[in-house]
Amino acid sequence: MRVAATAIPDLLLLEPTIYEDERGFFFESFNQKHFEDATRRNVCFVQDNHSRSARHVLRGLHYQIHRPQGKLVHVITGEVFDVAVDLRRSSPTFGKFAGMVLSAANKKQ
């Protein structure tokens, strides 16, 4: 897994290791040990969600003030332009954003 920094230090772009051959491909979308080794962050995933959006749908801004959550996002068909905005008033990057294309083709998370 490769990890790339973004304009917001707590926001990372992950590129999993892809194993491809003539049959197709395989990759682990999440492995706790590999994730923690690559990101140097201790995580505890407690929920996994799956959603589908029609073409040209804009999903809402999601944030939690009292119990903040990390999110691992990946796309299984098509592509999205995913945007994260730092809304933490005490953060040095408050108000900054980072946007990236996540797609079934690039498999970035």
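Heavy-atom accessible area per residue, region 1-40, 1.4 Å probe: how many Å²?
Working: 2990 Å² over 40 residues.
Dividing the accessible area of region 1-40 by its residue count gives 75 Å².
For a quick check of understanding: with a 1.4 angstrom probe and all protein chains in place, what accessible area in square angstrom does D48 have, to the nearest ten?
Accessible area of D48: about 140 Å².
Tell me, in nm to one decimal, what length is gained between R52 and E15 on full extension, where the rule is 0.36 nm per residue of separation less the Cα-Cα distance? Display every interim value, and only then the final one.
Details: separation 37, 0.36 × 37 = 13.32 nm, distance 2.17 nm.
Full extension from R52 to E15 adds 11.2 nm.
For the chain, what is the per residue volume of the convex hull drawn over the alpha-carbon atoms, in cubic angstrom?
It comes to 129 Å³ per residue, whole-number rounded.
With a 1.4 Å probe and all protein chains in place, put D86, D21 in order of accessible area, largest first.
From most exposed to least exposed: D21, D86.
Determine how large the accessible area of M1 is when every protein chain is in place; take a 1.4 Å probe and give Å² rounded to the nearest 10.
We get 70 Å² for M1.
Sort I18, I65 by accessible area with a 1.4 Å probe, largest first.
Values: I18 55, I65 130 Å².
The residues order as I65, I18, largest area first.
Rounded to whole Å, give me the distance from the Cα center of region 91-109 to that of region 49-76.
12
The values are calculated or read from the model by the stated rules, or taken from the named source; none is laboratory data. None of these values were measured; they are calculated from a predicted model. Heads up: the accessible areas ignore ligands, DNA and RNA and are worked out on the full protein's heavy atoms, side chains in. Shrake-Rupley method; radii C 1.70, N 1.55, O 1.52, S 1.80 Å.
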